[in-house]
Amino acid sequence: MQPTDPRPEIDQLHHQDSWRLWRIVSEIVEGFEVLSELSVPLVSVFGSARFGLENPHYAQAEYLGRRLVEAGFGVVTGGGPGLMEAANKGAYRAGGVSVGLNIRLPHEQEANPYQTHALSYRYFFTRKLMFVRYASAFVVLPGGFGSLDELAEVLVLVQTGKVHKFPIFALPKAYWSGLLDWMKGTLLTEGAIAPGDLDLIRLVETPDEIIEALTDPTGADP
């Protein structure tokens, strides 16, 4: 009995792949053209689309966006609602660069209105490239699988030397400390990571700690 491919219409998918390359290239080219022209260093901020205005993390994310602009940075988010909206709003209302890398999804993702530069992506991997290519630091706010995916992506890139050792912050401590404890108690203990790998991510309690680290030449190192 021959195995069957679970993907629908596999022959049609193969036929479309060459045309799909043009869409991929166009997304990359547009992102490079827009982001490379920005005149401020950028900080990519990851966070949940599901935590709205009533959530206490929303106010903290908005404050973070404002403080980053006041410190001379631009803000890059996924462009959606929730904490992405909050960080964009803080940057936008402070008069700074507020970039949204919007992803087209069948549910959840709606572009927030607080973007000075809005880009639209069909593919997650081209979008993640833009999160990293022009960023000088990363902040992961409370979130779910998407935020974990983005955090893991930048940790691997820094760990393997594919990008410079840019600072990676996790805010706030109470939300992320369990993950770091698991990394230390399981990944490190089992030998899946090296002791120095834990230093790649810095737990912080407030946005002001991030600003202090980014504006102090010696403060960004964990």
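Within the range 32-42, does at least one residue satisfy the condition of being part of a helix (DSSP H, G or I) and surrounded by fewer than 14 Cβ atoms within 10 Å (Cβ to Cβ)? Before the answer, list the steps.
Restricting attention to the range 32-42, the residues satisfying the condition of being part of a helix (DSSP H, G or I) are 32-35.
Filter again for surrounded by fewer than 14 Cβ atoms within 10 Å (Cβ to Cβ), leaving 33.
Taking every residue of the range 32-42 in turn, at least one turns out to be part of a helix (DSSP H, G or I) and surrounded by fewer than 14 Cβ atoms within 10 Å (Cβ to Cβ).
Given (1) within 20 Å of VAL140 (Cα to Cα); (2) surrounded by 17 or more Cβ atoms within 10 Å (Cβ to Cβ), identify the lone condition not met by ILE193.
For ILE193, the exception is condition (1).
Does the range 154-168 contain any residue that is within 28 Å of TYR58 (Cα to Cα) and out of contact with any helix residue (DSSP H, G or I) (no Cβ under 8 Å at 6 or more places or on another chain)?
Scanning the range 154-168 turns up at least one residue that is within 28 Å of TYR58 (Cα to Cα) and out of contact with any helix residue (DSSP H, G or I) (no Cβ under 8 Å at 6 or more places or on another chain).
Return the residues of the range 52-89 that are within 21 Å of LEU38 (Cβ to Cβ), assigned to a loop (DSSP other than H, G, I, E, B) and over 17 Å from the mean Cα position of the chain (by Cα); say none if nothing qualifies.
ALA71, GLY72 - these are the residues of the range 52-89 that are within 21 Å of LEU38 (Cβ to Cβ), assigned to a loop (DSSP other than H, G, I, E, B) and over 17 Å from the mean Cα position of the chain (by Cα).
Please pick out the residue among SER48, SER98, SER120 that is under 17 Å from the mean Cα position of the chain (by Cα), buried (at least 18 other Cβ atoms within 10 Å of the Cβ) and closer than 25 Å to ARG23 by Cα. Explain how you work it out, then say what you get.
On the way: SER48 fails: closer than 25 Å to ARG23 by Cα; SER120 fails: buried (at least 18 other Cβ atoms within 10 Å of the Cβ).
Going through SER48, SER98, SER120 in turn, the sole match is SER98.
Just one of the numbered conditions (1) part of a helix (DSSP H, G or I); (2) under 24 Å from ASN55 (Cα atoms) is not true of GLU110; which one?
(1)
Okay, residues lined up against (1) charged (D, E, K, R); (2) at pLDDT 95 or above:
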site	(1), (2)
PRO8	no, no
GLN16	no, no
GLU37	yes, yes
VAL43	no, yes
ALA59	no, yes
TYR63	no, yes
ALA71	no, yes
THR77	no, yes
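From the list PRO167, PRO222, which one is closer than 24 Å to ARG133 by Cβ, modelled with pLDDT under 95 and under 20 Å from the mean Cα position of the chain (by Cα)? Step through it out loud before you land on a result.
Details: PRO167 fails: modelled with pLDDT under 95.
That would be PRO222, the only listed residue that is closer than 24 Å to ARG133 by Cβ, modelled with pLDDT under 95 and under 20 Å from the mean Cα position of the chain (by Cα).
Scan the range 189-205 residue by residue and report those that are touching a residue at least 40 places away in the same chain (Cβ under 8 Å) and either of a type in the set (Ser, Thr, Tyr) or in a strand (DSSP E or B) (or both).
Answer for the range 189-205, where residues must be touching a residue at least 40 places away in the same chain (Cβ under 8 Å) and either of a type in the set (Ser, Thr, Tyr) or in a strand (DSSP E or B) (or both): just ILE201.
Quick test of your reading of the structure: PHE125 fulfils all but one of (1) free of Cβ contacts under 8 Å to residues at least 60 places away in the same chain; (2) buried (at least 23 other Cβ atoms within 10 Å of the Cβ). Name the failing condition by number.
(2)
Quick one: THR160 ticks every box in (1) touching a residue at least 60 places away in the same chain (Cβ under 8 Å); (2) out of contact with any strand residue (DSSP E or B) (no Cβ under 7 Å at 6 or more places or on another chain) bar one, so which box is it?
(1)
The values are calculated or read from the model by the stated rules, or taken from the named source; none is laboratory data. The structure presented is a predicted model; accordingly, all values stated were derived computationally and were not measured. When we count neighbours, we look across all protein chains shown, and the Cβ atoms used for this are built from the backbone with ideal geometry, even at glycine.
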